[in-house]
Amino acid sequence: MLQDNTEPQPFVIETFQKGKSYKGLKTFDCGDKVINDYVKSNLKRDGERDNKKIFVLLDPNCEEQLVGFVSAHLHLTGKDELPGEAFPYSLPKAVPVVKISMIAVTNDYQKDGWGTQLLGMALDHALDIASIANDIKGVALDAKEDVVKFYERHRFTLVEATPDENGTCFMFLSIRELQALDAKRKQFEQQSAV
């Protein structure tokens, strides 16, 4: 914890670093048993692999304890799973997307905007990938019913409103819409800087 004469340090979001020891993995609690179990037993292993990109949220005021993360990877999804109105042309049977597989913030840090920050990191990563691999069609994720509205605020489309066997609903954001939103954000930032 902080000493009385020490200023609080800003939180850090960084790419998972191979070989680095992260505090808080075994005590991570976001209120979701599946995600908590994943963090405790698989996050470090997945972070060491090259097929996923994981961004971690660290609290430097608590010995850089891990208090949130987002995981994204390349994925092929069936064209029938995507909203038809998102594409004015025909798609192949398997469509490449960036899939956000998990995003979570510990209970103590929820409702402070960290989920939005982590989602932003994953979306920026998707834009980076799409700038190299122009066949990426969007960003997909499976959202629990109680967080669907959060993703809708970030322009994701609810593709399947009926939850699947895991209790999640498939959501999608086309890369074209994401690129348009990013261009507007950059334009706004340039105007604000003047």
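The values are calculated or read from the model by the stated rules, or taken from the named source; none is laboratory data. Bear in mind the structure is a predicted one, so any value in this text is a computation, not a measurement. Glycine gets a Cβ as well: all are built from the backbone with ideal geometry, and neighbour counts include every protein chain shown. When the accessible area is computed, the model is the full protein with side chains, heavy atoms only, and any ligands, DNA or RNA have been set aside. Shrake-Rupley method; radii C 1.70, N 1.55, O 1.52, S 1.80 Å.
Geometric descriptor of the range 65-194, per residue, is 138 Å³ (volume of the convex hull of the Cα atoms).
Placing Glu160, Glu7 in order of accessible area, with the largest value first and a 1.4 Å probe, yields Glu7, Glu160. Relative to the Cα centre, the charge distribution of the chain, modelled as +1 at Lys and Arg Cβ and -1 at Asp and Glu Cβ, gives a dipole magnitude of about 480 debye.
Report, in listed order, any pair from Lys144/Lys186; Lys33/Lys79; Lys79/Lys149; Lys18/Lys184; Lys18/Lys149; Lys44/Lys99 with a Cα-Cα distance greater than 29 Å. Those over the limit are Lys144/Lys186; Lys33/Lys79; Lys18/Lys184; Lys18/Lys149. Shape annotation for the range 56-100: C-alpha extents along the principal axes are 51, 17, 12 Å, from largest to smallest. Since only Ser131, Leu173, Val148 are under comparison, the one whose Cα sits farthest along the positive direction of the charge dipole of the range 129-183, derived from C-beta charges on Lys, Arg, Asp and Glu, is Ser131. May I ask for the percentage of alpha-carbon pairs in the range 1-64 that lie more than 17 Å from each other? In whole percent, the long-distance tail amounts to 48. Under the convention that each Lys and Arg Cβ holds +1 and each Asp and Glu Cβ holds -1, the size of the dipole of the range 4-51 around its Cα centre is about 320 debye. Of the options Thr106, Pro83, Ile35, report the single residue whose Cα projects farthest towards the positive end of the charge dipole of the chain (beta-carbon charges: Lys, Arg +1; Asp, Glu -1). Value computed over the given set: Pro83. Report summary: the helix-based calculation at 222 nm, which adds -39500 (n - 2.57) for every DSSP H run with n ≥ 4 and divides by the residues of the chain, gives -9500 deg cm²/dmol.
What does the charge add up to near Trp114, with Lys and Arg as +1, Asp and Glu as -1, over the other residues with Cβ less than 12 Å from its Cβ? In short, -2.
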